[in-house]
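Read the structure below first, then the notes.
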Amino acid sequence: MENDISRKNWILIWVLGMAGQLCWNVENSWFSTFVYNKVAPDPAIVSWMVGVSAVVTTFCTFLIGTWSDRIGKRKPFVCIGYIFWGVFTIVFGLGEFLPKSPLMLVATFVVLADAVMSFFGSFGYDAGFSIWTTDISNEHNRGRLGGAIAVMPVFATIFGTVVSGYIVDRLDYMPFFAMMGGMVIIFGFVALIAMKDAPDLKPRRDEPTYLKQLLKVFNWKTVQQNRELFWVFIVMVVYFIGFNVYFSYITIYFVNYLGYSYTIAGALQGGALVVASFMTVPTGRLIDRGYLSRVILYALIANTVGLIGVAFAGSNIVVLCIGMFLAGCGYILTLQTLTAWIKNLYPEDQRGQFEGIKQVFFVAIPMVVGPIIAAPVINNWGVEKVVNGVAGMVPSPSLFLVSAAVTALTILPLIAANRLHKQRIAEKAQQA
């Protein structure tokens with residue numbers, strides 16, 4: 001395989017990747033804010049919504065990823081997934097018009113609507129697009145690919161906070177969800193016209209039935225054969241638990257605790273991330289040269305210090321921006337490095353399955369455990385406020401301190417992953 005990804009594929013990576021990340025950003029940043037302002041300021045609803053969607057996302061990626069391995073196609077999953085992803089993004093906003101009494105009715109609706117939306121998002125993005133990017137790349141260009149994939153959430157967050165905040169301030173939630181859902185539907189049709197599967201992609205029917213192939217990965221021998229990969233997964237799960245302690249609540253913190261508008265809250269997050277995104281270019285070169293654990297170590301330090309800075313900044317805008325910049329650097333560089341590291345270690349004949357396994361560590365566990373940690377922190381150390389006529393608890397700076405503590409624990413599995421990485425490189429050098 002040539003080292004270069006074709007220009008057409010780079011365009012599709014950016015177009016489809018950004019469309020997907022924008023839709024994920026709507027869910028991650030705005031669904032919880034929508035619940036607080038249109039349903040009830042109850043962190044339990046957010047925890048259920050985030051947790052259920054995480055489990056659904058993982059379940060879908062594993063099932064559909066195995067299916068795509070077995071038939072040797074990614075494109076149909078991208079097209080179908082994106083189109084229905086957009087449809088159910090719009091459907092979610094209808095929760096605003098349901099009666100708020102009993103609260104259980106509308107709470108159940110938003111949880112289920114988010115779950116269905118997440119199912120199709122995973123169907124198109126995780127089980128389709130993400131595996132496709134692995135198919136068309138190799139270890140010589142995955143540092144750059146990882147950099148692109150890492151900055152896409154940043155650009156999506158910038159749009160999803162600055163522009164989306166402006167739209168929500170001016171037009172409210174339903175028009176915003178309709179616009180974003182419509183955009184993803186359009187790009188589903190773009191994929192149908194322009195996307196092609198990797199030429200060397202072939203059906204992988206290693207087992208006589210789909211079920212046997214699905215269960216093949218649940219084998220201790222598989223873990224032993226991929227020890228470095230599973231240690232990198234553990235690095236991922238610890239880091240993203242810390243990330244998910246605060247991420248779903250950060251806009252709520254800026255708006256409902258510090259008193260900023262959605263537009264200002266978006267500018268605070270987006271501005272810091274714009275600057276942080278420039279770090280991906282030199283980092284991509286370091287990753288391609290094999291300095292994986294070193295990059296993550298520096299990123300963890302920046303991330304932890306940044307979250308502590310946000311916690312102690314209060315309304316000091318300068319300290320707040322510095323803290324957001326450092327936390328943003330930590331997030332971007334960690335995601336960039338983990339993306340390249342994991343893609344380099346995927347077994348060639350089980351990429352779809354292992355993308356599903358990755359979602360267990362990247363999405364399911366962090367998005368269940370993170371909010372579970374956050375909810376009691378908010379309820380015990382948050383601030384009681386009335387939001388849209390309903391009394392509830394909003395997050396306080398303590399949430400960021402807890403997140404910083406969990407994030408710092410990522411260093412422990414990183415030590416083991418780095419040892420196995422060095423061992424693999426040494427063995428490869430001896431064989432050369």
Of the peptides 5-14, 356-365, 255-264, 106-115, how do they stack up when ordered by the mean number of other Cβ atoms within 10 Å, highest first?
-> 356-365, 106-115, 255-264, 5-14
Can you list, bin by bin at 20 Å, the percent of alpha carbon pairs in the chain, starting at 0?
-> 27, 60, 13, 0
How are the Cα pair distances of region 249-301 distributed, in percent, across 10 Å bins from 0?
-> 22, 33, 24, 19, 2
Sequence order, region 187-195: Karplus ³J(HN,Hα) from phi using 6.51 cos²θ - 1.76 cosθ + 1.60, θ = phi - 60°, Hz rounded, Gly and Pro as x, gives 6, x, 6, 4, 4, 4, 8, 9, 7
Averaged per residue, the 1.4 Å probe accessible area of the chain, protein heavy atoms only, in Å², is roughly 40 Å²
For region 350-366, Karplus-derived ³J(HN,Hα) couplings (6.51, -1.76, 1.60; θ = phi - 60°; whole Hz; x for glycine and proline) come out as 9, 4, x, 4, 6, 5, x, 4, 4, 5, 4, 8, 8, 10, 4, 5, x
Can you find, among ILE45, PHE62, ALA107, the residue farthest towards the positive end of the dipole of region 14-121? Put +1 on the C-beta of Lys and Arg, -1 on that of Asp and Glu.
-> PHE62
Assigned charges on the beta-carbon of Lys, Arg, Asp, Glu; region 104-196 dipole about Cα centre (debye) = 220 debye
Helix axis angle, 75-92 relative to the chain longest principal axis, alpha carbon, degrees | 10 degrees
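Using a Förster radius of 22 Å, what is the FRET efficiency between ILE317 and LYS100 based on their Cβ-Cβ separation? Nearest 0.05, please.
Using R0 = 22 Å, I get an efficiency of 0.05.
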Stretched fully, the stretch from ARG419 through VAL275 gains (0.36 nm per residue minus C-alpha distance, one decimal, in nm) 48.6 nm
Helix-only CD estimate at 222 nm, as mean residue ellipticity for the chain, using -39500 (n - 2.57) per DSSP H run (n ≥ 4) = -23500 deg cm²/dmol
By average C-beta atoms within 10 angstrom, highest first, the peptides 173-184, 124-135 = 124-135, 173-184
Quote the FRET efficiency, to the nearest 0.05, computed for ILE301 versus VAL223 with a Förster distance R0 of 30 Å and r equal to the Cβ-Cβ distance.
-> 0.50
If one computes P(r) from the Cα atoms of region 1-139, what percent of pairs lie at distances over 17 Å?
-> 61 percent
Determine the dipole magnitude for the chain: charges of +1 sit on the beta-carbon of Lys and Arg, -1 on that of Asp and Glu, nothing else is charged, the reference point is the Cα centre, and the result goes in debye to the nearest 20.
-> 880 debye
How much length, in nm to one decimal, is gained on full extension between SER261 and VAL190, taken as 0.36 nm per residue of separation minus their Cα-Cα distance?
-> 22.1 nm
Given 0.36 nm per residue, what is the gain on full extension from ARG289 to ASP349 after removing their alpha carbon distance, in nm?
-> 19.1 nm
Karplus-derived HN-Hα couplings along region 413-428 (A = 6.51, B = -1.76, C = 1.60, θ = phi - 60°), whole Hz, x at Gly and Pro | x, 4, 4, 5, 5, 5, 4, 5, 5, 4, 5, 5, 5, 5, 5, 5
Please sort 320-326, 138-144, 201-207, 340-346 by packing, taking for each peptide the average over its residues of neighbouring beta carbons within 10 angstrom, highest first.
-> 340-346, 320-326, 138-144, 201-207
Which residues in region 3-32 place their backbone N less than 20 Å from a point set 7 Å from the Cα of ASP200 along the Cα-to-Cβ direction?
-> 3-10, 13
Please find, in a Gaussian network model of the chain (springs between Cα atoms separated by less than 10 Å), the residue of ALA272, ALA313, ALA150 whose mean-square fluctuation is greatest.
-> ALA313
With a Förster radius of 56 Å, plug the Cβ-Cβ distance of LEU211 and ASP172 into 1/(1 + (r/R0)^6) and report the FRET value to the nearest 0.05.
-> 0.75
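Rounded if a/c is under 1.5, else prolate if a/b is larger than b/c, else oblate: which is region 286-325, with a ≥ b ≥ c the root eigenvalues of its Cα gyration tensor?
prolate
The values are calculated or read from the model by the stated rules, or taken from the named source; none is laboratory data. As the structure is a computational prediction, the values presented were derived from the model and not from experiment. FYI the Cβ positions are ideal-geometry reconstructions off the backbone, even for glycines, and counts take in every protein chain you see. Areas reflect the complete protein model, heavy atoms only, side chains present, ligands, DNA and RNA absent. Shrake-Rupley method; radii C 1.70, N 1.55, O 1.52, S 1.80 Å.
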